[in-house]
Every structure is written in C-alpha cells, then in structure tokens.
Amino acid sequence: MGVSRLDFELPNAGTGPDPLALSELAADPDTDAVVVFFQRDDRCRNCRRQVQDVADRYSEFRERDAAVVSILPESKATAEEWQERYHLPFALVADEGKDVAAAYGQPTRFGKLGELSDLLGRMPQTAILDARDGLELHAVHRGDSPGDRPSVDDVLAMVDRLLADEG
C-alpha cells in the first residue's frame, strides 16, 4: 500500500485543521506515528467507548509522538455531534462516502445487506502508520466482529514496536 493510497483529506470535526490531510499531520516533526481508528457507525456503542478510552489516555499517545485520527463513516454534521458529545482531543474526520475506508480495506460482512447498513456490516479497524519518513503502513487490525478491536494497551504496544524499529 503506497503513500498515495494511505494519504487522504477529509472534513475534520475534531482537533486540528479542517479539512485534515493525513500527509500534513504526518509531516509534523513531532509526529513519528499515526494511529487511525476506523469506526463502524455513529450508533456503535463499542466505537463510542473506544474513542472515549483513547481520549482518556491521549497523553500516552502524545508521549510517543503518535497522533490519533478517528474516522467515522458518516457526514461531517454527524462527526460534529460526536465531537460536541465526547470532546475528543484528536482529529475526528468524516468519511461519508467511505472512500478512505475502502482504500484501507476496512472489512464489511453480510454482502449487500452489510453495504446498506454500516451498523450491521462494517467492522472496526485500526491502522498504525510510520510517519518518520513519509507514510508507511506498519500494522493493521481488521476486526471480524463488532467488538473485535485492540485495547488501548494493545494499540500503544503496536506503536512501541514501530518506534523500537529504527527502520
């Protein structure tokens, strides 16, 4: 997966510039890694819990020079509602057309039915990107059920493994 497929620009309802360009976030000298959380749907309880858990421990990501981006497969207005509710200290971008999710291979299930309903079909995904020299995919966790997502501790461990690798 080359940089052109990893980079994206999406409307941002969270912290940071709007729209958010991933390549610009990665170009920040204080960013060595980018963690991208692909959410299932705005009504997904596991997704809401995940962004709150990450927000509670966001300082641990920043201590590692890791930026966080949460991608919601919804409109910017829906992402703004999430931001108003959860006050996330990181980017919360709207991928209404699901183009970025498709480019990153976010899994869906149930065929056509799953394509009609994100809540039924879309599965969670987490991608860890190396931002030290452009953008390179380091690790990805593709969930096979709504609750199949790494814990914050597991994500931080993936970032630690990336940063321990000098390239």
For L137, the net charge from surrounding residues (Cβ-Cβ under 14 Å; K, R +1; D, E -1) works out to -1
Between the Cα axis of helix 76-86 and the main Cα principal axis of the chain, the angle (0 to 90°, nearest 10) is 70
Here the relative contact order (percent) of the chain, from C-alpha pairs under 8 Å and at least 6 apart, is 28
Quick note, region 1-104: a/c under 1.5 would make it rounded; otherwise a/b > b/c is prolate and the rest oblate (a ≥ b ≥ c, C-alpha gyration tensor); here it is oblate
By the C-alpha gyration tensor axes a ≥ b ≥ c (rounded if a/c is under 1.5, else prolate when a/b exceeds b/c, else oblate), the shape of region 45-106 is oblate
Of Y104, Y86, ordered by accessible area with the largest first and a 1.4 Å probe, the sequence is Y86, Y104
In deg cm²/dmol, rounded to the nearest 500, the helical mean residue ellipticity at 222 nm of the chain, built from -39500 (n - 2.57) for every DSSP H run of length 4 or more, is -10500 deg cm²/dmol
Reported to the nearest 10 Å², V100 has, with a 1.4 Å probe, an accessible area equal to 10
Neighbours of F8 by Cβ distance under 12 Å: Lys/Arg at +1, Asp/Glu at -1, summed charge -3
Judged on accessible area alone, 1.4 Å probe, highest first, D56, D32 line up as D56, D32
Taking Lys and Arg as +1 and Asp and Glu as -1, residues besides N46 with C-beta under 11 Å from its C-beta add up to +3
Compactness summary of region 14-167: radius of gyration and Dmax from Cα atoms, Å, are 14.6, 44
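The values are calculated or read from the model by the stated rules, or taken from the named source; none is laboratory data. A quick note: this is a predicted structure, and the numbers were derived from the prediction, not measured. Virtual Cβ from ideal backbone geometry, glycine too; neighbours counted across all protein chains shown. All accessible areas refer to the heavy atoms of the entire protein, side chains included, with ligands and DNA or RNA removed. Shrake-Rupley method; radii C 1.70, N 1.55, O 1.52, S 1.80 Å.
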